[in-house]
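Report on the structure given below.
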Amino acid sequence: ANSAPFSAAPCRPCSDTEVLLAVCTSDFVIRGSIQDVTNEAEEQESVIHVGVNKLYRQKSKVFQLTGESGNWRGQIKTLLECGVRPGDGDFLFTGRMHFGEARLGCAPRFKDFQRMYKEAKDKGLNPCEIGPD
């Protein structure tokens, strides 16, 4: 009985390969920071309020310009059990659309993503180009 419960899988960090593939295949790919996290106990979900620094891709208008500030913002949902909290620094958020909601996929720290991307690029192993700077 030493195997992790199946439900833990979505919360584990993605491998480098998974992150690089997520960049190619996700419905949205953004660089941003966590402004706030709202926990919805009844739905067993957390809503991550994201401030967007760079929008690489979005298939539907989840992330929108807000107000006079001219900042892009949006919400991404994930499982409550993943225990997401507001934290410092930038992340690369990837994920998919599900019934009109953005669901979190891989979300490495941005500096980790830059390292992965550069290493893969140096080896000619990048599944797609995104220009991570």
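Divide by every residue of the chain the summed helix terms, -39500 (n - 2.57) for each DSSP H run of at least 4, and state the resulting mean residue ellipticity at 222 nm, rounded to the nearest 500 deg cm²/dmol. Spell out each step's value before the answer.
Details: 2 runs with 24 residues, N = 133.
So the calculated ellipticity at 222 nm is -5500 deg cm²/dmol.
Taking the Cβ of Asn39 as the center, what net charge do the other residues with Cβ under 12 Å away carry, scoring Lys and Arg +1 and Asp and Glu -1? Walk me through the intermediate numbers first.
Working: positive: Lys77, Arg85; negative: Asp36, Glu40, Glu42, Glu43, Glu45, Glu81.
Net charge around Asn39: -4.
Which ³J(HN,Hα) values, rounded to whole Hz and listed in residue order, are derived for the stretch 118-129 from phi using the Karplus coefficients 6.51, -1.76 and 1.60 in 6.51 cos²θ - 1.76 cosθ + 1.60 with θ = phi - 60°, glycine and proline given as x?
Each residue's phi maps through the Karplus curve to give 5, 4, 5, 5, 4, 8, x, 10, 5, x, 7, 9 Hz.
Give me Asp16, Asp88, Asp36 ranked fewest to most by other Cβ atoms within 10 Å of their Cβ, as a rough exposure proxy.
Values: Asp16 17, Asp88 7, Asp36 12.
Neighbour counts put them in this order, fewest first: Asp88, Asp36, Asp16.
By counting other Cβ atoms within 10 Å of each Cβ, how are Tyr117, Tyr56 ranked from fewest to most? Show your work: numbers first, answer last.
Working: Tyr117 21, Tyr56 17.
The order, fewest Cβ neighbours first, is Tyr56, Tyr117.
Can you bin the stretch 13-118 into rounded, prolate or oblate? Criterion: square roots of the alpha carbon gyration tensor eigenvalues sorted a ≥ b ≥ c, rounded for a/c under 1.5, prolate for a/b above b/c, oblate for the rest. Before the final figure, lay out the partial values.
On the way: a/c = 1.39, a/b = 1.14, b/c = 1.21.
Judged from the Cα gyration tensor, the stretch 13-118 comes out rounded (a/c under 1.5).
Hey, got the dipole for the chain? About the Cα centre, +1 on K and R Cβ, -1 on D and E Cβ, debye to the nearest 20?
Numbers: 17 positive and 18 negative charges, 86 e Å.
Computed about the Cα centre, the dipole is about 420 debye.
For a quick check: sort Leu20, Leu80 by the number of other beta carbons within 10 angstrom, fewest at the front.
Numbers: Leu20 22, Leu80 16.
If I rank by nearby Cβ atoms, fewest first, I get Leu80, Leu20.
What is the sum of charges, Lys and Arg at +1 and Asp and Glu at -1, for the other residues whose Cβ falls under 13 Å from the Cβ of Val52? Mind showing how you got there, number by number?
Details: positive: Arg31, Lys54, Arg57, Lys61, Arg73; negative: Asp90.
Residues close to Val52 contribute a combined charge of +4.
Could you tell me the number of lysine pairs in the chain with C-alpha atoms less than 18 Å from each other, where the two lysines are 8 or more residues apart or belong to different chains?
4
Laboratory data are not the source of any read-out in this text; all were calculated from the coordinates shown. Predicted model only: the values in this text are computed from it and were never measured. Cβ: placed from backbone, ideal geometry, glycine included. Neighbour counts: every protein chain shown.
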